[in-house]
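Trainee: The structure that follows is given in the form of C-alpha cells.
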Amino acid sequence: MLTLDQVKSKSSTRMIGLHPVVMAAATVLIERCYTRGVPILITQGLRTIAEQNGLLAQGRTQAELNVAGLSSVKAQPDKPKVTNAKGGTSYHNFGLAIDFALLLPDGKQVSWDLKRDGDGDKVADWTEVVQEAKALGFEWGGDFVSIKDAPHFQITFGMTTSQLRAGAKPSEIAMAKATANIDRLKGEADELSAEEKKELTVLRSEVKALSEVVAGLTNSKDVLKEQSLKQAADIKELSTILLELTNTNPPDWSKEALKAFTCTPSVLNGKPVIDTPGSATYSEARIITILHRLGLAAQQKGDK
C-alpha cells in the first residue's frame, strides 16, 4: 500500500501555480481522502489559455470555433465535448480549480469510475472524495447545470471569471475565511497520532478482508462453520490491536451492536463474544458496529 507521502508526491508537480489557499485545500483533500482509504491524484491545476481553448475545441467544428473568435484553434469534432469554457473563462486559468482521479493500488493507474468502492465500505470512493472536498469549501463540477464535470473542484472566493480577467483579486476576508475552514479540518486529521493512523489502516484492511469473506460464503454448513471460526479469531485479533486507552463509555450509535454480540455465543467456547456491553473504547465500538452491520452476529448465533 502506498504511503501518504508517496500519494502526495504524485500530485505535487500538477499543483504548481495554484492559488495558495486552493493549494492548501487540495493538499488537505489528499490527506483526508487517504485517511478514509481513498487515495487520489490531482490530474490538473493551473491551465493555460491555450490549453483551455484546446479543450473547448473538442466536440466542435471549425465554424463554431470561428464564431467564438478562435479561428487559430484547430477543431476536434470527433472528440466528446468536455467544457463550454473558452480560455479565460475557466477558474483553472487563474489557479482556482483542480481536477482529480482515483489512484489505484498499484500507484500507476487511475480511475474515473464514479461507482468504484475500492475501500469496501459500501460508499462509492468518488462520493467520499466529493464529501471531503465540499467540507473544505470546494464547489463540485458534478453540480454544474450545463456540462457535468465530475472530476472538477473549484474555490472561487465569490468572484466571477470576468472579475478575475480584469485583474481583481480575492479579498483578504474571503481568503481568511477559507483558510480558517481548511486549517480546522487539517487540525482534525493531525490529531491522529502516527500509531493511530497505522491502526486505522490495519482496520480498513481487516474489515475489507472480512467483507470479502462474508460475500463469498455459500449455504454449505461446513463452509459457513469454517468461515465463522475464522471470523471469530479475526474479531479477537482486531479487538486486541485496535484498543484505544481513552474513554470506555461506548457511543450511543454502538449500543445495538454491543448488545447483539453480548447475546451471541462464541463458536470457540460458547461464551458471549462480549461480556461488558457497557464498557468499550471508541475503536472497539466502531469495529463491533462494523461487524454487526456485516451480519456476523447473526451468522455466529445461527451456527451455534
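Trainee: Determine the sum of side-chain charges near SER111: Lys and Arg each +1, Asp and Glu each -1, restricted to other residues whose C-beta is under 15 angstrom from that of SER111. Write out the running numbers ahead of the final one.
Mentor: On the way: positive: LYS10, LYS108, LYS115, ARG116; negative: ASP99, ASP106, ASP113, ASP117, ASP119, ASP125, GLU128.
Its environment carries a net charge of -3.
Trainee: Tabulate in residue order the Karplus-calculated ³J(HN,Hα) for the stretch 255-271, using 6.51 cos²θ - 1.76 cosθ + 1.60 with θ = phi - 60°, rounded to whole Hz; enter x for Gly and Pro.
Mentor: After applying 6.51 cos²θ - 1.76 cosθ + 1.60, I find 5, 5, 5, 4, 5, 4, 6, 5, 8, 9, x, 5, 6, 8, 9, x, 7 Hz.
Trainee: If I model a spin label as a point 7 Å beyond the Cα along the Cα-Cβ vector, how far apart are those points for THR13 and ALA150 in nm?
Mentor: It works out to 2.8 nm between the two label points.
Trainee: Set the Förster radius R0 to 25 Å, insert the Cβ-Cβ distance between GLU226 and LYS271 as r into 1/(1 + (r/R0)^6), and round the FRET efficiency to 0.05.
Mentor: Working: r = 20 Å, r/R0 = 0.81.
The value I calculate is 0.80.
Trainee: Here is a further query. So, in nm, how far is label ASN84 from label TYR282 when the simple model puts each one 7 Å beyond its Cα toward the Cβ?
Mentor: The two pseudo-label positions are separated by 4.4 nm.
Trainee: Count charges around SER254 for me, please; just the other residues with Cβ under 9 Å from its Cβ, Lys/Arg as +1, Asp/Glu as -1.
Mentor: Values: positive: LYS255, ARG286; negative: ASP252, GLU256, GLU284.
Here the charged neighbours net out to -1.
Trainee: Calculate the dipole size of the stretch 98-145 relative to its Cα centre from +1 charges on Lys and Arg beta carbons and -1 charges on Asp and Glu beta carbons; express the result in debye to the nearest 20.
Mentor: I would put it at about 80 debye.
Trainee: Stretch THR248-ASP183 to full length: gain in nm at 0.36 nm per residue minus the Cα-Cα span?
Mentor: On the way: separation 65, 0.36 × 65 = 23.40 nm, distance 2.93 nm.
That works out to 20.5 nm of additional length.
Trainee: A follow-up question, please. Each residue of the stretch 5-18 in order: what ³J(HN,Hα) in whole Hz does its phi give by Karplus 6.51 cos²θ - 1.76 cosθ + 1.60, θ = phi - 60°, with x for Gly and Pro?
Mentor: These are the phi-based 3J(HN,Hα) values: 4, 5, 5, 5, 5, 5, 9, 4, 5, 6, 9, 5, x, 5 Hz.
Trainee: Follow-up question, since we're still on this one. How far is it, in nm, from the label point at VAL123 to the one at GLN44 when both lie 7 Å from their Cα along the line to the Cβ?
Mentor: 2.9 nm
Trainee: Taking H as built 1.01 Å from N, whose amide H comes closer than 5 Å to the amide H of VAL110, not counting residues under 5 places away?
Mentor: Those qualifying (amide H under 5 Å, at least 5 residues apart or on another chain) are LEU104.
Trainee: Per residue of the stretch 57-73, what does 6.51 cos²θ - 1.76 cosθ + 1.60 with θ = phi - 60° give for ³J(HN,Hα)? Whole Hz please, x for Gly and Pro, Karplus curve as stated.
Mentor: Per residue, the Karplus-derived 3J(HN,Hα) values read 5, 5, x, 10, 8, 5, 4, 5, 5, 4, 4, 7, x, 10, 5, 7, 8 Hz.
Since every read-out is calculated from the coordinates, none of them should be taken as a lab result. Values in this document were obtained by computation on a predicted structure and should not be read as measured data. Using ideal geometry, Cβ is built from the backbone for each residue, glycine included, and neighbour counts are taken over all protein chains shown.
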